[in-house]
Amino acid sequence: MDIHERKSAAYRLGLITLLVLAVLTAVEYFVSIYTGSLILLLIIALIKAAIIVNNFMHITRLWREESH
Amino acid sequence: MSAVTTTHAPAHAETQHGLPYAQQLRANRLGLWLFCFSELFLFGALLASRFVLWGNTRPDLSQVMGLVATSVLLLSSFFMYRAEMGAAHGDRSKFLSGALLAAALGTLFFIMVVVLEWNVFGLEGNLFGVELFGHLTPADGVYGGIFFAMTGMHALHVLTGVALILIIWWNGRRGRYTPESHWGVEATAIYWHFVDVVWVFFYPALYLMGHLVQ
């Protein structure tokens, strides 16, 4: 994969992540209105946090030999 | 847009501490993650207090305001990610615009919490039937106490994050970062996303979970 493809893939990942987070935020809003399930809301929050930690915060860089 | 640099990290280059750059970067990353981990104890304690003191109840807060503030912070995280990717790929215009938008949205979030939700100026009004200003005060028992403690501590971190973003934006304008060396941008991005992760748990805990108490 050349540098331009890597760049496009990185921006695409950001956009997809934003869309998934937006959908999950809407889902938790409606879950609270229609069911009010604490467990479900907690699970959605955990999924959202995991997505941010993995895709935006790049936690995997911690155990990879990856420089700038 | 500046040219995209194709060279990679100068893994052999030494830092001011005499360590190879790649090794210093790993140490920096570990240090920052440990800092975030230590912050989890603070925010975790606040979250635990909410469940102990509020139980399965919540105060009457504007649902629309909570949802909009959450969306603003998510969008801000997205632009911070774009800024970091811009710096990593030598795309200066994306870096600068992303950082500026992230800071602007972070400031908007801060204003929404302090001016609208806290209602520090004691204002009243609504927009399309949505009440704009909150009515909870710190003196309103456990509801006021927990709400102001959680949003206050988070808002303080938002303010710090906005200041850091503006610093990297200013440095970026002066050409301080390259695709090979932009730890300042990466660190700020990680911190900013951490602030977002905290809100991911605070938002449902404050606005969505539990039965409404009038």
| note | Residue set B:Gly184, B:Gly161; condition in a helix (DSSP H, G or I), at pLDDT 95 or above, within 14 Å of chain A (Cβ to nearest Cβ) and crowded, with 20+ Cβ neighbours inside 10 Å; output residue B:Gly161
| said: All but one of (1) surrounded by fewer than 16 Cβ atoms within 10 Å (Cβ to Cβ); (2) of a type outside the set (S, T, N, Q); (3) over 22 Å from the mean Cα position of the chain (by Cα) hold for B:Ile167; state the number of the condition that does not hold. | reply: (3)
| said: Just the residues that are more than 13 Å from chain A (Cβ to nearest Cβ) and either modelled with pLDDT under 95 or surrounded by 14 or more Cβ atoms within 10 Å (Cβ to Cβ) (or both), please, taken from region B:11-38. | reply: B:Glu14, B:Gln16, B:His17, B:Gly18
| request: Give the residues of region B:45-97 that are among the hydroxyl-bearing types (Ser, Thr, Tyr) and assigned to a helix (DSSP H, G or I), sorted by residue number. | output: B:Ser49, B:Thr70, B:Ser71, B:Ser76, B:Ser77, B:Tyr81, B:Ser93, B:Ser97
| message | Which residue is surrounded by the fewest Cβ atoms within 10 Å (Cβ to Cβ), if the candidates are limited to region A:1-50 and must be of a type in the set (S, T, N, Q) and in a helix (DSSP H, G or I)? | response | A:Ser8
| said: For region B:187-214: of the residues being over 22 Å from B:Thr151 (Cβ atoms) and of a type in the set (Gly, Ala, Ser), which is surrounded by the fewest Cβ atoms within 10 Å (Cβ to Cβ)? | reply: B:Ala187
| query | Mind checking which residues of region B:57-68 are closer than 15 Å to B:Phe147 by Cα and either small (Gly, Ala, Ser) or at the interface with chain A (Cβ under 9 Å from one of its Cβ atoms) (or both)? | reply | B:Ser62, B:Gln63, B:Gly66
| request: Within region A:31-65, work out how many residues are at pLDDT below 95 and of a type in the set (Phe, Trp, Tyr). | output: 2
| Filter result for B:Arg58 (of a type in the set (Lys, Arg), buried (at least 16 other Cβ atoms within 10 Å of the Cβ) and either in contact with a Phe, Trp or Tyr (Cβ under 7 Å, 6 or more places away or on another chain) or more than 25 Å from A:Ile51 (Cα to Cα) (or both)) | yes
| request: Scan region B:34-41 and give yes if some residue there is under 25 Å from A:Val23 (Cα atoms), within 20 Å of the chain's Cα centre (by Cα) and part of a helix (DSSP H, G or I), otherwise no. | output: no
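The values are calculated or read from the model by the stated rules, or taken from the named source; none is laboratory data. In this text, all values refer to a predicted model and were calculated from it rather than measured experimentally. Backbone-built Cβ (ideal geometry, glycine too); neighbour counts: all protein chains shown.
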